[in-house]
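**Q** Encoded as structure tokens, here's the structure I'll be asking about.
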Amino acid sequence: MNKIFVFLIAFFLLASALAIGLWVTGVFQGDGRLSGSSIVVGVPQIGGSFELVNHKGETVTDKDFRGKLMLVFFGYTNCPDVCPTEMQTISLTMEELGDDAADVVPIFITVDPKRDTVAAMAGFVEAFHPSLIGLTGSKAQINDVKKKYRVYGEKAEGDDPDYYLVDHTSFTYLMGRDGSLITVFSYGTPPEEMAAKIREQI
């Protein structure tokens, strides 16, 4: 009986994560057509207030970024492929923007606060664009911001408590100067396309 219950819970969580992923990325539009790699969503349920710690050890909130566009990605420093690839894409996007990059703050928020200390975040973000900000925090703080951004991020099954993968959402969120959602970029969106969409908001 317990095994059946656990299976049903696991199935429900996976189905919910998939449904949210499809909804956020707009894989299907209202008429059933496939959408592109980025969409204008403007849904107020995504995003919100947060209080976290940056890679310099300073406490910051969402209000510290008001007046600028935020390019937000959720991941973790031990990620073997998706996270460093997307950070490189974001770095190239910032370079593509040129002087307009001054209006954009790229932000990397961890989904693995246990291992992603301030020092770990600093070492990670410093390998990419100089304006990139790494944010970490307590498990409760990270869970709160994940919930507000509708982000999935869970430790993968494994016996080693220190060396493990984390399954997570791979979207990049473009947030407005007031903190509201403008656009969601799917993983693999070219930096030129990101930059063009961002320029529409500057």
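Each reported figure results from applying straightforward, stated rules to the coordinates on display, with no laboratory input. Model, not experiment: these values are computed from the prediction. Cβ: placed from backbone, ideal geometry, glycine included. Neighbour counts: every protein chain shown.
**Q** Which one of these does Lys147 not meet: (1) assigned to a helix (DSSP H, G or I); (2) surrounded by 16 or more Cβ atoms within 10 Å (Cβ to Cβ); (3) not small (Gly, Ala, Ser)?
**A** (2)
**Q** Kindly establish whether Gly134 is in contact (Cβ under 8 Å) with a residue 12 or more places away in the chain, in a loop (DSSP other than H, G, I, E, B) and not polar (S, T, N, Q).
**A** no
**Q** Here are some conditions: (1) under 22 Å from Phe50 (Cβ atoms); (2) in contact (Cβ under 8 Å) with a residue 24 or more places away in the chain; (3) not charged (D, E, K, R). Thr117 meets all but one. Which one does it not meet?
**A** If we test Thr117 against (1) under 22 Å from Phe50 (Cβ atoms); (2) in contact (Cβ under 8 Å) with a residue 24 or more places away in the chain; (3) not charged (D, E, K, R), just (2) comes out false.
**Q** What number of residues in the range 90-132 are surrounded by fewer than 20 Cβ atoms within 10 Å (Cβ to Cβ) and polar (S, T, N, Q)?
**A** Going through the range 90-132 one residue at a time, the tally reaches 3.
**Q** Among the residues of the range 69-117, which ones are hydroxyl-bearing (Ser, Thr, Tyr), under 13 Å from Ser170 (Cβ atoms) and part of a helix (DSSP H, G or I)?
**A** Thr85, Thr89 - these are the residues of the range 69-117 that are hydroxyl-bearing (Ser, Thr, Tyr), under 13 Å from Ser170 (Cβ atoms) and part of a helix (DSSP H, G or I).
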